[in-house]
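The values are calculated or read from the model by the stated rules, or taken from the named source; none is laboratory data. This is a predicted model, so every value here is computed, not measured. Heavy atoms of the whole protein, side chains included, go into the accessibility calculation; ligands, DNA and RNA do not. Shrake-Rupley method; radii C 1.70, N 1.55, O 1.52, S 1.80 Å.
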Amino acid sequence: MAKLFRAAIMGPPGSGKGTISKRIAESFGLQYLSSGHYLRESIAANTEAGILVKRYVERGLLVPDNVMTRLMVPRLEQLRNHSWLLDGFPRTLAQAQALNSVCELDLVISLNIPYETLKDRLSDRWIHPASGRVYNMGFNPPQVQGRDDITGEPLIQHEDDKPEALVARLRHYKDVAKPVIDLYKSQGILHSFSGTETDRIWPYISSLLSAKIDTQPSTPCQNPMP
Ligand code: G5P
Ligand code: MG
């Protein structure tokens, strides 16, 4: 049986989860699942769930656990025989428990980025609302200032990326993430990375994954949850 590898990446808003996940997916061929992407997709589809989700995401609040689990778990069940990387899920202990009843993770990456760095990055962040494409005026600027590279449509800044809202979001992140981080630490699968630059953290993550993905045997996910 082929070796499967399932990983998750955790970190506060702006910590570089998306940026690093894309590098991991490209370098190691893992299927990439982003909770934020699926939420934006459901908002764009304007489904009943999407309308509910929008109220939380717009205010930078966490979407309720039962909604999140219903969105993510069926996708993971479909990928039972694949290796994957989760970005942004689980974020709470209840989500981690729901995930655990479908499949055990092999590895969790936790990004510890100083508050000042997060604040600078997010206040420099511009978004193409229809697609969720993210730009940073210093790190990955758009080709034409203020315009999305693909559609040419205008970019916007999130209300909750402003400094006052950010303090509250980051404090809340810490509170809910702590028990999840403790859980994965106790399972011996947590790997934390600290720093202010993604390009400096990346080589450490890359060598960790090279070692783990080559050598670690894994088992397929369990049957779907009842
Ligand atoms: P998301 O979409 O998961 P967040 O807020 O957790 O959103 P975000 O904003 O997507 O996280 P990130 O992925 O951690 O941040 O970071 P990133 O996008 O790669 O990098 C941030 C910025 O910094 C970018 O502009 C990037 O270019 C730049 N950057 C990266 N590295 C560097 C660097 O080294 N230097 C510099 N200068 N810049 C850099 O979730 C969205 C919402 O959905 C809900 C919540 O409401 C959430 O707010 N949600 C959930 N709710 C409940 N449960 C869940 N599991 C949920 N998942 C999502
Ligand atoms: Mg992201």
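To put it simply, the accessible area of the chain at a 1.4 Å probe is 52 percent carbon and sulfur.
One-quarter of the Cα convex hull surface for the chain, in nm²?
Taking a quarter of the hull surface, the average projection is 12.5 nm².
Contact order for the chain, expressed relative to its length and based on alpha carbon pairs under 8 Å spaced 6+ residues apart, stands at 31 percent.
By definition, a body whose alpha carbon gyration tensor gives a ≥ b ≥ c is oblate when a/c is 1.5 or more and a/b is not larger than b/c, and the range 151-215 fits this oblate description. In the context of the full set of protein chains, residues of the range 6-215 present 51 Å² of accessible surface per residue (probe radius 1.4 Å, heavy atoms only). Note that the range 104-121 has calculated 3J(HN,Hα) couplings of 8, 7, 8, 7, 10, 9, 10, 9, 10, 10, x, 3, 4, 5, 4, 4, 4, 5 Hz, one per residue in order, obtained from phi through the Karplus relation 6.51 cos²θ - 1.76 cosθ + 1.60 (θ = phi - 60°); glycine and proline are x. Taking every DSSP helix (H) stretch of at least 4 residues in the chain, weighting each as -39,500 (n - 2.57) and dividing the sum by the residue count yields a mean residue ellipticity at 222 nm of -15000 deg cm²/dmol.
At 0.36 nm per residue, and after removing the present C-alpha to C-alpha distance, how many nm does the segment from residue 32 to residue 97 gain when stretched out fully? Let's see the in-between values first.
Details: separation 65, 0.36 × 65 = 23.40 nm, distance 2.05 nm.
Once the chain is fully extended between residue 32 and residue 97, it gains 21.4 nm.
Applying 0.36 nm per residue to the separation of residue 199 and residue 51 and subtracting their alpha-carbon distance, the gain on full extension is 49.6 nm. The Cα atoms of the range 33-116 give a gyration tensor whose axes a ≥ b ≥ c have a/c of 1.5 or more with a/b no greater than b/c, which makes the shape oblate.
The distance separating the Cα centre of the range 63-126 from that of the range 1-53 comes to 7 Å.
Relative to its Kirkwood radius, the Cα radius of gyration of the range 94-138 gives an Rg/Rh of 1.17.
Taking every lysine pair in the range 6-215 that is 8 or more places apart or spans two chains, those with Cα atoms closer than 29 Å amount to 28.
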